[in-house]
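Student: Here it is, the structure, as structure tokens.
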Amino acid sequence: MGRRKRDGPMSTDQAKSDVERAIALVEKTIEALGIDPGASRKQREGHVAYALRRGSARILIAVHSPAGELTEGRIRVVAPCVVLPPEDRQLGLLRHLLVANATDLVGAAFAVSGDEVVVVAERSVRDLDASEVDTMIRSVGRVADRYDDELSKAFSLTRSSDA
């Protein structure tokens, strides 16, 4: 039996409950991958984060409590892919990434964070289910594992896992 979708503004208690449920779903998914979630868990102010490796990709999973104008918690899955080249070599790479976002990727996207190209997926934890958590982790990991090699060869870049 599926969860009933809620409409309207979310109460603080409901938002807290959704975040706690999302953390449990993430830990169950990590455990199903054969990884001890407790060993990869970091508790920080406002979020719980996990780090794991799938192939050459390092995957970071964070469940954020509501903050600021956001009244719902969020789950964010990020995998660093490659180190950005100097600015004079970025145009072709960034165009390639935007085309991949528009034509190749489903449920994840390339972004720039600091000096790295990352793969990211994010959504509200409201009505989150186990299959969505699993899909987010697997999709981000699969894209990062595929593209880190492809981008490093095509654009003479350093993979984040090698930096």
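Student: Name the longest site-free stretch of the chain, where the excluded sites are trypsin sites (Lys or Arg not before Pro) in a DSSP loop with no more than 15 other beta-carbon atoms within 10 Å.
Tutor: 7-163
Student: So between residue 14 and residue 106, what do we pick up on full extension, going 0.36 nm a residue minus the alpha carbon distance?
Tutor: This chain segment gains 30.2 nm when fully extended.
Student: Send over a whole-number figure in Å² for the accessible area per residue of the range 17-122, probe 1.4 Å. Spell out each step's value before the answer.
Tutor: On the way: 5750 Å² over 106 residues.
Per-residue value: 54 Å².
Student: Once a ≥ b ≥ c are taken as the square roots of the eigenvalues of the Cα gyration tensor of the range 56-129, is the result rounded (a/c under 1.5), prolate (a/b larger than b/c) or oblate (a/b not larger than b/c)?
Tutor: Cα axes put the range 56-129 in the prolate bin.
Student: Further question on the same structure: Suppose only helical runs count, i.e. DSSP H with n ≥ 4. What mean residue ellipticity at 222 nm does that imply for the chain under -39500 (n - 2.57) per run, divided by all residues and rounded to the nearest 500 deg cm²/dmol?
Tutor: The per-residue figure over the chain is -13500 deg cm²/dmol.
Student: Starting from the Cα gyration tensor of the chain, multiply each eigenvalue by 5, take the square root, and state the resulting semi-axes largest first in whole Å.
Tutor: Details: eigenvalues 184, 59, 41 Å².
Those come to 30, 17, 14 Å.
Student: Another question, then. State the percentage of accessible surface on the range 50-126 attributable to carbon and sulfur atoms; use a 1.4 Å probe and exclude ligands, DNA and RNA. Each step should come with its number before you reach the end.
Tutor: On the way: 2120 of 3970 Å².
Roughly 53 percent, rounded to a whole number.
Student: Tell me, what is the 1.4 Å probe accessible area of residue 119, in Å² to the nearest 10?
Tutor: Counting only protein heavy atoms, the figure is 0 Å².
Student: Once the Cα atoms of helix 130-155 and of the chain are each reduced to a long axis, what angle between those two axes, in degrees from 0 to 90 to the nearest 10, is obtained?
Tutor: Helix 130-155 and the main axis of the chain meet at about 10 degrees.
Student: With the cut-off at 1.5 for a/c, could you classify the range 11-93 from its C-alpha gyration tensor as rounded, prolate or oblate?
Tutor: Oblate, because a/c is 1.5 or more while a/b does not exceed b/c.
Student: Taking 7 Å along the Cα-to-C-beta vector as the label spot, tell me the residue 70-residue 83 distance in nanometres, rounded to one decimal.
Tutor: So the label points at residue 70 and residue 83 sit 2.9 nm apart.
The values are calculated or read from the model by the stated rules, or taken from the named source; none is laboratory data. Keep in mind the model is a prediction, meaning the values are calculated, not measured. Using ideal geometry, Cβ is built from the backbone for each residue, glycine included, and neighbour counts are taken over all protein chains shown. For the accessible areas, the whole protein counts, side chains as well, though only heavy atoms, and no ligand, DNA or RNA atoms are used. Shrake-Rupley method; radii C 1.70, N 1.55, O 1.52, S 1.80 Å.
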